[in-house]
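In what follows, a single structure is set out as structure tokens and then discussed.
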Amino acid sequence: MNKTVYAHTNIGNEKDWDQEIDQLATNNQVAGTHYKQSKIQPIDYIYANNLSYNLGSCLKYITRSKGEKQDRVTDLLKAKHFIDLELQMVYGTDAKGNNIGDYSVEVSL
């Protein structure tokens with residue numbers, strides 16, 4: 001008999017599916033349903049491709065960009081902001097690709 005192993009777990013018994021798999025954080029969304037209609041959950045894609053925080057956040061906003069026009073525009077502007085953050089923090093450029101130097105954070109303790 002073949003043992004089935006479900007994603008993100010070591011649970012191999014199908015009868016345990018409802019009790020344990022459905023309780024996993026990766027199978028639940030807090031507030032809203034904006035990712036539930038996706039074929040691939042953004043978190044799975046982000047982790048599988050080792051995306052940075054900024055690019056992962058961008059992907060989330062692109063994925064959830066649905067609903068009324070203003071909601072879609074707001075989500076796309078948020079995604080664009082995270083791309084601009086990636087350009088600045090990782091590549092040392094502004095939103096137009098101009099070199100602005102290495103990103104640094106000053107912290108006083």
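Tabulated data for the structure shown
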item	result
Region 25-58, residues that are at pLDDT below 65 and either assigned to a loop (DSSP other than H, G, I, E, B) or in contact with a Phe, Trp or Tyr (Cβ under 8 Å, 6 or more places away or on another chain) (or both)	28, 29, 30, 31, 32, 33, 34, 35, 36
Tabulated pairs, region 93-109, first farther than 19 Å from residue 82 by Cβ, second at pLDDT 90 or above and of a type outside the set (Ser, Thr, Tyr), C-beta under 8 angstrom, 6+ apart or interchain	99/92; 101/92; 102/92
Total residues in region 82-109, condition under 22 Å from the mean Cα position of the chain (by Cα) and surrounded by 14 or more Cβ atoms within 10 Å (Cβ to Cβ)	8
Tally, over region 61-81, of residues that are free of Cβ contacts under 8 Å to residues at least 24 places away in the same chain and crowded, with 18+ Cβ neighbours inside 10 Å	3
Complete set of residues in region 43-59 that are buried (at least 17 other Cβ atoms within 10 Å of the Cβ) and out of contact with any Pro (no Cβ under 8 Å at 6 or more places or on another chain)	46, 54, 55, 57, 58
Tally, over region 81-109, of residues that are part of a helix (DSSP H, G or I) and aromatic (Phe, Trp, Tyr)	2
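The values are calculated or read from the model by the stated rules, or taken from the named source; none is laboratory data. Predicted, not measured: the structure shown is a model, and the values here were computed from it. Don't worry about glycine lacking a Cβ; one is built from the backbone with ideal geometry, like all the others, and counts go over all protein chains shown.
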